[in-house]
Amino acid sequence: MAPRNSARAAVGEFPLHMPSVSVNSIGIGGGSIAWIDDHGVFRVGPYTAGSSPGPACYGRGGTKATVTDAMADCGWLGHTEMAYGQLDMDPALARAAVGELTAILERPLAETAQAILDIAVSEMFVEVEKLAPRAGVDLREFTLMPFGGGGPMLGAFLAQEMGISHVMAPRRPGAVSALGGLVADLRGDFIRRVFALPSPEVLPGLRTSLADLIAEGRQWLTHQGHDGAVDLILSADMRYHGQIYEIEVTLDPAWIETGDLGAIAAAFHATHARIYDFDDPTGTVEMVNLRLTAIGAGPALSLPEAEEAKTAATALRSVRVHTGGAEQDVNLYSRDDLTPGTRFEGPAVVVQEDTTVAIPPGALALVDRHLNLHLQIEERA
């Protein structure tokens, strides 16, 4: 499935009124601060310790309890060096930060830390759950791919809450965004406001707008120095008469060139039905904007493959983790030691230079030939 695009994205509380990949940010991460509001409600975020001073356990001046500190107090973090040797966690500082909350809440340290993680996951779940109906998708049909330094810490727990059974942690989660920037296609989005009912009378104007968009898109790619293959994708913002919002509908340029108005309307009805499970074939359709996406193919991405090993995973040692409401010893694995075909069961902790993968009880871990780590997750009861 191709990424969805939208002209109504948001970054935090700030709307982004320009064509972009449909990404919604959620204000919860490793640096999110746990606090108690004026009504005595235990909260996590949106305040953050950021990277400076950062979580208390970083030893860089932070004193507020964060999600990262809670992960350390629960035993998921702090067993090896992090950030390529640039960071050595101090569990005592994490205990001191979370300990300030335990005194207020009058509950044990491990329970307070677990509550921080549960609230953080719940906040993410609520925000994601809002998006799924709007996009007309069933989250259970998807794979969750946590990346970045903090994503793999909570990714499996979020999958449990959302009913997602498959999680894939890339080999280098901390470098995924940078890799994407290097190999991404060159893309330009162009728009013409047409605001018309698809009818024979407006076809000449639509054809002129289409020709202008195509010329503008090709000229832009040339100006960017692209001289390879070009892909042009036409769409339109459309709605039923009386609606105050539009949906983006992919169109075949030939429909405008040949005047196939029926195909244009049918594409809108089908898209509306897919998103909202409803359409009105007899309704009046309005076209608000005509859009063209000009794409210049980026460099091909070739991921190295490793040979499958027949040996079982060997743990570095066992560590004490608070999970499922109890303390238990779990295996600690090095990501560098995991080879294709390796299988093991959670609970477990996988450490590497750019992140830590927390694997909950009941999850089955499997390494593929590209050294990605796949988790089959049991839904939380």
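The values are calculated or read from the model by the stated rules, or taken from the named source; none is laboratory data. Just so you know, these numbers come straight off a predicted model, no measurement behind them. All Cβ positions, glycine included, derive from the backbone under ideal geometry; neighbour counts span all protein chains shown. Surface accessibility is based on the protein's heavy atoms, side chains included, excluding ligands, DNA and RNA. Shrake-Rupley method; radii C 1.70, N 1.55, O 1.52, S 1.80 Å.
The figures follow:
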| item | result |
| --- | --- |
| Euclidean distance of C-alpha centroids, segment 281-305 and segment 145-210, integer Å | 10 Å |
| Two-site FRET efficiency, Ala96 against Asp329, from Cβ-Cβ distance with R₀ of 35 Å, rounded to 0.05 | 0.90 |
| Helical contribution to [θ] at 222 nm, DSSP H n ≥ 4, -39,500 (n - 2.57), averaged over the chain, rounded to 500 | -9500 deg cm²/dmol |
| Trypsin sites (Lys or Arg not before Pro) lying in DSSP loop within segment 298-355, provided at most 15 other Cβ fall within 10 Å | Lys310 |
| Accessible surface, per residue, of segment 136-247 when the full set of protein chains is kept, probe 1.4 Å, Å² | 52 Å² |
| Candidates per chymotrypsin sites (Phe, Trp or Tyr not before Pro) in segment 242-291, loop by DSSP, up to 16 other Cβ within 10 Å | Tyr245, Phe278 |
| For segment 143-279: relative contact order, % (alpha-carbon pairs under 8 angstrom, 6 or more apart) | 16 percent |
| Percent accessible area from carbon and sulfur atoms, the chain, protein chains only, probe 1.4 Å | 54 percent |
| Farthest positive-ward along the chain dipole, Cα basis, beta-carbon charges - from Leu101, Ala115, Pro170 | Pro170 |
| For segment 65-169: rounded, prolate or oblate by the Cα gyration tensor [a/c cutoff 1.5] | oblate |
| Anisotropy class of segment 291-381 from Cα gyration tensor, a/c 1.5 cut | prolate |
| Solvent-free Debye scattering, log10 I(q)/I(0), computed from the Cα coordinates of the chain at q = 0.14 Å⁻¹ | -1.18 |
| Å² per residue, accessible surface of segment 269-381 at 1.4 Å | 50 Å² |
| Cα gyration tensor shape of segment 121-188, rounded if a/c is under 1.5, else prolate or oblate by comparing a/b with b/c | oblate |
| Extension reserve of the Ala312-Ala229 stretch, reckoned as 0.36 nm per residue once the Cα distance is removed | 25.4 nm |
